[in-house]
Structures are given as structure tokens and as C-alpha cells.
Amino acid sequence: MNAYLELFTTFAKVGAMTFGGGYAMLPILQRELAEKRNWATEEELIDYYAIGQCTPGVIAVNVATFVGRKRKGIPGGIAATFGLAAPSIIIITLIAAFLRRFAEYPAVKNAFAGIRACVCVLVINAVVKMWKKAVTDKLTLAVFLAVFLCASFFSVSPAIYVVLAAALGVGVRKVKEKRA
Amino acid sequence: MIYLSLFYEFFKTGLFAIGGGMATVPFLYNLADKTGWFTASELTDMIAVSESTPGSIGINMACYVGFTSAGIFGSLIAAAGLVMPSLIIILIIAGFLEKFRTNNYVEYCFYGIRPASTGLIASSAALILSETVLNLELFKQKAGITEIADFKLIALAAVVFALMKLKWTKKLHPIVFIAFSALVGIVFKLGGA
């Protein structure tokens, strides 16, 4: 298959299988990109999410652009991004045109209560996979715990945590380098 | 020209809404006020639909607002406007990263960033979980645990968790678990509807 078309259809698939926004997409991305296709490693996905959280726009789009760009340059980034948006455009247009009460149907409400519970478990499982790659020593464990607790109790821009953690990473590794 | 203003408004939203789909909501309320293309109560419905259909919530909302304001082309243009700033910014950052991938400092940065990013996502996951299985409004009114916790949803979450660990089912695609849970939701009326 044409490489651009493959990027488009793969991300269209990811978009169509994501229920609940950017974080719900993480388990789907791990399966479709890291496990099935080797398009991105687990570490790269973590990096993309980190950058996505502190740059403007929809996180899912940021990840799609990164992966597309890496595989096929700028046109690849564009193909992946529009692939991701394609299911939304089709589904929402149909609902807006014909099914305005969509979210109020009992079947939809009940199905979504079930889906939400499932997505929580999927995301937690995805976080555990990330954790195994990201938390490798005492320092990274401390950073994880500090950010997890702070982000749970204070609403500060994620960018602050990411910038501080980057500075800490550089500082600590530099000191180690000098000692060695 | 409504297409041009739609593109401009959503480009702005994409540029200034940092941290994912729900961050666009305040911009959309502002847009409803300012332009009269749609009302605030229509927007509430749009958010509900965007959350209960597949795809990124931000893109879904842009499509819905675009369609309501200016038909099918409106939908396309609003979505394009929303994703454009991310697309440009990320293409630039990706270029830099590729150039400096082997630089030690970049590697050190990510050594610190990865656990922070994992912590941020873990905290969002904990929030979504507590919102899903607990009724925090009742918690504030000091209700008993049996009223606060939704045991049917907790049971479903536990079943999905077990299926993901079992030898026979753990390799299944996530969408299989999602479809299963949707079905369970309908059969057992988990949404209470």
C-alpha cells in the first residue's frame, strides 16, 4: 500500500477506536503503532505525549503528526493528522444532520457508562506499560511520585512539570558524568 | 465570509487551548457568545455528543460547531483550523528533535521528562476513574459508601481488568474490550437509562 495512504488509514482506525479523547487513545496507539507496526517505540510515545501536553492543541493530533513526520516527512505528518480527523468529520456530520438527540438515547447512555469503565482500565494498563519504561531508578521514581501527587491535587500547567523534570534530568546526569 | 472566520476562530482555539480537547470548551462558549452561530445550550449537547462518539473530543467539537454554523464544509474547515497550529508546531519540534536526537542533553532531558509525563497521565487516569465509579457530589453531602460508589461499574472494571490478565484473552485488541463493555452497559443498563 502507498505509504501515505497507510498512514492515513492507520490513524483513521485509531481515531475511530478512541472513546474519550487523548488519554483513551494511548492503549490504542500502543497496540497499533508500537506492538503491531514498529512505527514508534513505547519510549517515543511517552516523549510525544510529554511534548503534546505542553504544546498547544489536541494531544492526539500532536502524536499523529510526530509519527507521520518520522515515517514520511512533512506530507506524512499531514496525512496522519487528517487520517485521525476523518472519522470525527464523518461521524459528527451524520449525527449533527440526522441524530441530534444522539447522546440522550438510553442505549447510548448505557453503552457509554460501560465504555467509560472499560477505558479507565485500559488507560491504567497503558500507564503501567509506560511506567516500566520510564521509571528505571530512584530518581525517576521520585519524579513520577512527585508529579503524580502534585498533578492530582493542584491545577498547574503540565508544562511546568515537564520543564522542571527536564532540567532535573540534565542536572543529575551532568553531575553523574563529572563523577564518572 | 463565514468559512474564513470559522477557520480563523478554530485556528486561534487550537493555538491557545493547551492540554487536550476539553481545554477548547471555554473558547467555544466564548465563540457562541461572540458570533451567535450556535447557542450555549446547543453547545452543551455538542459536548455530550463529542464525548460519546469515537475520536478526539476537540476535533469532534470543532466538526459539530462547524457543521451547525456552516454545513459540511464548515465541519471540514473548523477541523482543519483546529489541527493546523499543532501540525505546524509539532512539525517544527520534530525537525529539531531529529537533528539533536543523538545530543546527550536531549537524552538527559527525556530521562527526566518520561517519569513526569507518566505521572501526569497517571493522575488523569486516577481522576477519570474516580469520576466514573464514584459520585463525588454525594461524597460532599457525606452520603454512605454504598450510595457514593457505583458497584456495577466497579464490577465491570474488575472483569475487564481480569480479562486483560488472562492468558486466553490478554492479547485481544483493546477495541474488543470496549465493544464488550458497551454491550454489558446496554444489557445491565449501567447508565441508569
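Any read-out appearing in this document is the output of simple, stated calculations on the displayed coordinates, not a laboratory observation. The structure displayed is predicted, hence computed values, not measured ones. Cβ sites come from the backbone with ideal geometry, for glycine too, and all protein chains shown count toward neighbours.
Placing +1 on the Cβ of every Lys and Arg and -1 on the Cβ of every Asp and Glu, with nothing else charged, gives the protein assembly as shown a dipole about its Cα centre of roughly 1160 debye.
Measuring between alpha carbons in the structure, the pairs from A:K129/A:K174; A:K13/B:K165; A:K72/B:K167; A:K133/B:K170 lying more than 30 angstrom apart are A:K72/B:K167. The label-point distance for B:F96 and B:A158, in a model that sets each label 7 Å from Cα toward Cβ, rounds to 4.9 nm.
Scan chain B and report its longest stretch carrying no chymotrypsin sites (Phe, Trp or Tyr not before Pro) that are both in a DSSP loop and have at most 15 other Cβ atoms within 10 Å. List each step's numbers first, then the result.
Values: sites that count: B:W168, B:F188.
The longest uninterrupted stretch comes out as B:1-167.
If the chain linking A:M1 and A:E104 were pulled fully straight, counting 0.36 nm for each residue of separation and taking away their Cα-Cα distance, it would gain 33.0 nm.
Here is how the number arises for the protein assembly as shown: DSSP H runs of 4 or more residues each give -39500 (n - 2.57), the sum is divided by the residue count, and the result at 222 nm is -26500 deg cm²/dmol. For the stretch B:2-100, just say rounded, prolate or oblate: build the C-alpha gyration tensor, square-root its eigenvalues into a ≥ b ≥ c, call rounded for a/c under 1.5, and beyond that prolate if a/b exceeds b/c, oblate if not. The shape class here is prolate. The alpha-carbon of B:K34 sits under 17 angstrom from the alpha-carbons of these aspartates and glutamates, leaving out residues fewer than 8 places away in its chain: B:E9, B:E42.
Using Cα atoms only, what is the angle between the long axis of helix A:106-134 and the major principal axis of chain A, expressed in degrees (0 to 90) to the nearest 10? It works out to around 20 degrees.
Specify the longest stretch of chain B that does not include any exposed loop site, a site being one of the trypsin sites (Lys or Arg not before Pro) with a non-H, G, I, E, B DSSP assignment and at most 13 other Cβ atoms within 10 Å. Could the numbers behind the result be given before it?
Details: sites that count: B:R101, B:K142, B:K167, B:K170, B:K171.
Here the longest run is B:1-100.
When a/c reaches 1.5 or more, the comparison of a/b and b/c decides; with that in mind, is the stretch B:150-193 rounded, prolate or oblate per its Cα gyration tensor? Oblate. The listed peptides A:37-48, A:111-122, B:52-63, ordered by packing as a protection proxy, come out as B:52-63, A:111-122, A:37-48 (highest mean of other Cβ atoms within 10 Å first).
Mind checking which lysines have their Cα closer than 16 Å to the Cα of B:K152? Skip sequence neighbours fewer than 8 apart in that chain. Candidates past the 8-residue exclusion: A:K109, B:K189.
Hydrophobic long helices, here whole DSSP H runs in chain B with Kyte-Doolittle means of at least -1.0 and Cα atoms spread over 27 Å or more along the helix axis, are found at B:57-100, B:104-133.
On a 0 to 90° scale, report how tilted helix A:59-98 is relative to the longest principal axis of chain A, with both axes built from alpha carbons and the result rounded to the nearest 10. Once rounded, one gets 40 degrees. Note on chain B: with a GNM built from Cα contacts shorter than 10 Å, the maximum mean-square fluctuation among B:L82, B:L183, B:L43 falls on B:L183.
Please determine, in degrees from 0 to 90 and to the nearest 10, the orientation of helix A:158-179 with respect to the longest principal axis defined by the Cα atoms of chain A, where the helix direction is its Cα long axis. For A:158-179 against chain A, the angle is about 30 degrees.
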